[in-house]
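What follows is a single structure, written as structure tokens, with notes after it.
What follows is calculated from the coordinates using simple rules that are stated; it is not laboratory data. For clarity, every value in this text was computed on a predicted model and none was experimentally measured. Don't worry about glycine lacking a Cβ; one is built from the backbone with ideal geometry, like all the others, and counts go over all protein chains shown.
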Amino acid sequence: MQIHTVRRGESVWQLARQYGVSVEAIAGVNGLEDPNRLVIGQAVIISTSAGSHTVLPGETLWSISQRYGATLQELAIVNGLSNPALIYPGQIIRIPQPVKPVIEVNGYTEKFNEQGVAITNDIAPYLTYISPFSYRVQPDGSLSALDDAAVIQAAYGQKAAPTMVITNFEDGSFSTAIAHAVLTDQTVQNQLVANILGTMRYKGYMTLNVDFEYVAPAERELYNRFLQRLVYTLHPHGYLVSTALAPKLTGDQKGTLYEAHDYEAHGRIVDFVVLMTYEWGWSGGAPLAVAPLNEVVKVLQYALSVIPPDKIVMGMPLYGYDWTLPYAKGNKWAPSISPQEAVAQAARFGAEIHYDPESQSPYYHYYDEQGHEHVVWYEDARSVQAKFNIVKLFNLRGVSYWVLGVPFPQNWYVLKENFRIKKLL
């Protein structure tokens, strides 16, 4: 696999000739509805998974190594070249195939019924876990109903472990009061734990994910004890337990979102944690990359100081946002946009896509039909590859996607080119 950044005047036909692949292959991998229309700055995946390369005039072993992601030394050794400078046009160069690391992949989904089943059948082959979102905890310890049976059945068909997600979500936001009721009232907590176990057995869930947010800072230890109780209850039945954690930079970071999320304790108590490393750029905030890699790495560095890497799952977004400029607090919130939609919109308005080297994220500006300026930050093959490189660098357990159902075919291709996906079924 290679990722090509489109330059002015280039076409899919030219790229096909340049890389020796078909127009159909390029269009298919990248989900190009109109192969005749590329955008300057667009990232295009070129599938070059051949085991050999025929040297072209002007090529060097170094340029071939860069094309296939191998080192100069690897190519020299595999091909028995005592002098790597001496290669000639027409010579066949063997390309070593890298050993892919094994990771776990989770995907949250808010889609159910026929649409949810279609998404599950399409994406679950790339997943270890699929997590219907969510069972909402009530103040009395009961759980809201969720029409998840069809998605769970489809998940089993694709060998993705269904994960029950519980949240303290209520009326569009996370409720500190609901978390308080569960953590401070033993009767409520007893009822909740019994309902969780009963639902997992009845529905066929294999793992539990606890996503309690905006827990009162004073209840940090109570939250840790609740998680320990869940582990003691569920482990004897063969169930795994994980949590979702806000993206912290230090253990004593202030704010209701952060203070009750005890990284060290979660890393010790549960089987793994999902770091919510996204939403730096968010719908109601200032324009920014959704998951800027420089900020994600800061969170990972803190997490790795108190949690083993094989218990850390890095969150990844499958979406971007389209902000109207100039931004001002209180403005209309930015709508989300899929990577496919983002590129199509750039083509429609004649925008040129740029790539920010610090955040490792693509963006572009355009003017709409009313003359209003916009800026769009989203994800593409380059930003995904940059995040996967970090997963490899830190030997993380895997990645978790928010949220399935957003068109982004490049992501899944890049994922399978980088990793083998662990299956529990």
Inset, instruction - Tabulate in residue order the Karplus-calculated ³J(HN,Hα) for the stretch 102-113, using 6.51 cos²θ - 1.76 cosθ + 1.60 with θ = phi - 60°, rounded to whole Hz; enter x for Gly and Pro. - result: 9, 9, 9, 10, 10, x, 7, 9, 10, 9, 10, 6
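Over the chain, what is the relative contact order in whole percent, taking alpha-carbon pairs under 8 Å and six or more residues apart? Present the calculation step by step, with values, prior to reporting the outcome.
On the way: 862 pairs, mean separation 70.5, N = 425.
Taking the mean separation of contacting Cα pairs over the length of the chain, I get 17 percent.
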Inset, instruction - Taking the chain as the reference, fit the longest principal axis to its C-alpha atoms, fit the long axis of helix 220-234 to the helix C-alpha atoms, and give the angle between the two in degrees, 0 to 90, nearest 10. - result: 80
Legend entry - 10 Å binning of all Cα-Cα separations within the chain, expressed as whole percents from 0 upward: 4, 19, 28, 25, 14, 7, 2, 0
Inset, instruction - Please report, in whole Å, how far the alpha carbons of the stretch 290-425 spread along each principal axis, starting with the longest. - result: 51, 30, 26
Legend entry - When the convex hull of its Cα atoms is projected in every direction, mean area for the stretch 2-94 (nm²): 6.2
Legend entry - Cα pair distances exceeding 22 angstrom across the stretch 107-260, given as percent: 41
Legend entry - Nearest 10 degrees, 0 to 90: helix 381-394 Cα axis against the chain principal axis: 70
Inset, instruction - Working from Cα positions, state the angle (0 to 90°, nearest 10) between the long axis of helix 293-306 and the longest principal axis of the chain. - result: 50
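Tell me, Kirkwood radius of the stretch 117-157 from alpha-carbon pair distances, in Å? Present the calculation step by step, with values, prior to reporting the outcome.
On the way: mean 1/r = 0.0877 Å⁻¹.
This gives a value of 11.4 Å.
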Inset, instruction - Using only alpha carbon pairs under 8 Å that are at least six residues apart, calculate the relative contact order of the stretch 1-113 and give it in whole percent. - result: 26
Legend entry - Label-to-label distance, nm, for residues given as Gln115 and Glu221 (7 Å Cα→Cβ offset): 4.6
Inset, instruction - Please tell me which of these pairs span more than 32 angstrom C-alpha to C-alpha: Lys248/Lys392; Lys203/Lys332; Lys329/Lys422; Lys254/Lys416? - result: Lys203/Lys332; Lys329/Lys422; Lys254/Lys416
Legend entry - Enclosed volume per residue, in Å³, of the convex hull spanned by Cα atoms of the stretch 339-379: 56
Inset, instruction - Mind jotting down the distance between the C-alpha centroids of the stretch 293-356 and the stretch 233-264, whole Å? - result: 23
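Below 8 Å, C-alpha to C-alpha, sequence gap of six or more: please give me the relative contact order for the stretch 164-223 in percent.
Working: 56 pairs, mean separation 32.5, N = 60.
Over the stretch 164-223, the number comes to 54 percent.
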Inset, instruction - At 0.36 nm per residue, minus the direct Cα-Cα distance, what do Asp122 and Trp13 gain on full extension? Give it in nm, one decimal, please. - result: 36.4 nm
Legend entry - Estimated 222 nm signal from helices in the chain, with DSSP H stretches of n ≥ 4 weighted -39500 (n - 2.57), rounded to 500: -10500 deg cm²/dmol
Legend entry - Whole-angstrom gap from the stretch 165-215 to the stretch 34-77, using each part's C-alpha centre: 50
